[in-house]
Amino acid sequence: MKRLSVAFMLAGILLAILMVFVFGAHHVLAALLSVGWRGFSLMVATQLAVTLLLALAWFIILPEGHFRTYPILYWGRLVREGGGRFLPFLPVGGFVMGARAVSLAGMSKPLAAASTLVDVAAEFAAEVLFAALGLVVLVVWQPHSSLILPIGAGIAVAGLAAVTFISLPGPGTRVLQKLVARIGAGESGVPAGRIALGPLDRMAGQFDAIYERKTAIVAAVLCHFIGWLGSAGSSWLAYHLLGAPITPTQALGIEALLRAALSMTFFVPGAAGVQEAAYAGLGAIFGLPADISVAVSLLTRARDLVIGLPALLIWQWLEFHALRRDRRALQRLEDASSNLGPRG
């Protein structure tokens with residue numbers, strides 16, 4: 001599975017490079033350079049502001065969240081996004097990384113894992129609503145588009161899955177637990193989810209505590225939905241900085257349908273190539289030049305790299321220190337055992 005993921009990722013990168021040359025490398029490069037550092041900094045700041053909402057949704061889910069936990073969740077969210085977009089793993093790998101990161105910062109592993117899974121389910125439900133809104137925009141903009149029926153069918157199926165995850169925690173979360181347990185499984189046969197997040201069976205109590213607060217879960221879905229609207233604002237800003245004549249409604253339609261397309265190609269790590277193709281195709285539907293849309297995709301990737309890389313480096317630094325601490329504790333235990341010596 002790991003080899004297949006890397007193969008998909010490499011194929012996607014090649015596709016992205018090909019698209020840049022097909023639509024004119026000089027046009028794409030000129031568009032990227034036209035943004036400037038001020039414009040790019042504004043894009044980074046906008047995305048960091050959107051992440052405030054995403055971290056707040058995660059915070060709302062916690063059964064007994066204290067305000068000092070919020071910065072930890074904010075950083076964990078950055079790790080989740082960075083791991084899912086820049087490392088050769090499926091999106092579930094990013095979920096594990098985010099949960100592992102907040103557990104290193106002091107949150108219990110069962111709570112980190114359980115809250116992550118519920119937050120993912122809440123975000124998925126919000127994404128379905130966001131995609132439905134994008135479908136409405138498409139119907140208004142292109143009422144005879146051949147994409148309306150397949151996208152509508154996909155949203156209906158996704159909506160059913162979202163209802164399962166939110167309303168029936170047993171079936172939905174059990175599937176996610178099994179996926180988490182299989183991420184990075186080693187040759188020893190020990191599930192990686194057990195290594196990274198502790199025994200998964202201890203999450204049951206945390207799930208019960210979280211799902212007792214249905215209102216909090218609904219609030220988290222709403223918070224994620226507002227965050228998705230913020231992502232549409234980020235898309236509008238990118239097009240605007242590149243000089244494209246785009247309205248907020250067009251940006252909303254492009255971003256919503258883009259997320260729907262990316263969710264259906266989850267097997268491609270980082271949506272390599274897929275994101276560029278989707279931006280170009282959806283931009284064309286709304287009357288925007290393909291080279292500008294590809295430039296928008298590359299700009300968002302650069303923005304996400306600037307945001308995600310520092311978060312991932314901090315996570316790895318904490319992992320390194322946690323490993324050293326564990327080794328020292330094990331060495332002290334071995335030394336104490338050897339000092340006792342055999343007893344006659």
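The values are calculated or read from the model by the stated rules, or taken from the named source; none is laboratory data. Values in this document were obtained by computation on a predicted structure and should not be read as measured data. Quick reminder, even Gly has a Cβ in these numbers, built from the backbone with ideal geometry, and neighbours come from all protein chains shown. Areas reflect the complete protein model, heavy atoms only, side chains present, ligands, DNA and RNA absent. Shrake-Rupley method; radii C 1.70, N 1.55, O 1.52, S 1.80 Å.
For this structure, a couple of remarks:
- Gain in span if fully extended, Ser108 to Leu305, counting 0.36 nm per residue against the direct Cα distance: 68.1 nm
- Seen from Ala295, the other residues with C-beta closer than 12 Å to its C-beta sum to a net charge of -1, counting Lys and Arg as +1 and Asp and Glu as -1.
- Label-reachable residues, segment 95-138, where backbone N falls under 18 Å from a point 7 Å from Arg324's Cα toward its Cβ: 104-105
- Per-residue SASA entry for Arg213, accessible area with 1.4 Å probe, Å² rounded to 10: 80 Å²
- For segment 39-50, 3J(HN,Hα) per residue [Karplus equation, 6.51 cos²θ - 1.76 cosθ + 1.60, θ = phi - 60°, Hz, x = Gly/Pro]: x, 5, 4, 5, 5, 4, 4, 5, 5, 4, 5, 5
- From phi via Karplus (6.51, -1.76, 1.60), per-residue ³J(HN,Hα) for segment 312-322 in Hz, x at Gly/Pro: 5, 5, 5, 4, 5, 5, 5, 4, 4, 5, 5
- Listed peptides 307-320, 42-55, 116-129, 230-243 by packing density, highest first (mean Cβ within 10 Å): 116-129, 230-243, 42-55, 307-320
- Each Lys or Arg adds one and each Asp or Glu subtracts one; over the other residues with Cβ under 14 Å from the Cβ of Phe225, this totals -3.
- Each of Ala153 and Arg68 was given a label point 7 Å from its Cα along the Cα-to-Cβ line. The distance between the two points is 5.4 nm.
- Total formal charge among the other residues, if their Cβ is under 14 angstrom from that of Leu52, Lys/Arg +1 and Asp/Glu -1: 0
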